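Reviewing the structure listed below.
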């Protein structure tokens with residue numbers, strides 16, 4: 001075999017490893033680093049498209065990078081919810097996501113409290129009706145998200161003593177997280 005053919009054959013073999021690795025679910029899980037999903041308004045019948053949120057695994061937690069428009073200015077609470085549904089004005093999304101499938105505390109005390117739902121996110125900041133400031137959720141990772149939803153609430157991300165609709169007011173926007181990391 002000529003030296004040039006050997007180099008080409010070696011290059012073909014080396015380049016084929018990442019592609020064949022993606023055929024296996026375990027390898028795929030380690031290659032997915034971020035997922036982008038859409039957010040829609042809950043305030044009108046047409047479910048207006050508001051933009052996207054990109055979620056990225058980092059060594060420090062899950063980075064959420066919004067690229068959203070048409071939201072009311074100010075600070076908004078947003079949470080990862082248990083169910084991938086935005087039906088019934090976001091109420092079908094269920095409770096804030098917690099690894100134990102139920103909250104170990106009934107207090108929405110924020111993203112840094114180990115007893116609070118891990119779906120409690122740092123506040124979403126909207127300036128000139130745009131949200132583009134990334135936030136870090138230190139207790140979440142991409143693998144937690146399939147089959148969940150993200151809900152943006154009317155009011156700021158103050159954390160109250162009860163999660164009964166005081167942790168952000170009525171839902172104003174929602175997106176479902178329906179990807180499958182093993183495909």
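Nothing in this text is a laboratory measurement; each read-out follows from the coordinates by a stated rule. Just so it is clear, the structure is predicted and the values come from calculations on it, not from any experiment. Glycine gets a Cβ as well: all are built from the backbone with ideal geometry, and neighbour counts include every protein chain shown.
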Exercise for review: List 132, 43 from most exposed to least, where exposure is judged by having the fewest other Cβ atoms within 10 Å.
Suggested key: 132, 43
**Study point:** Two-decimal ratio, the stretch 33-177, of alpha-carbon radius of gyration to 2.2 N^0.38 Å
**Key:** 0.93
Revision key, fill the gap. Neighbour-count ranking for 139, 148 (other C-beta within 10 angstrom, fewest to most) reads 139, 148
Study note, to complete from the structure: By Cβ neighbour count within 10 Å, fewest first, 96, 81, 130 rank 130, 96, 81
Check your understanding: Counting pairs of Cα atoms in the stretch 30-98, how many percent are more than 20 Å apart?
Key -> 38 percent
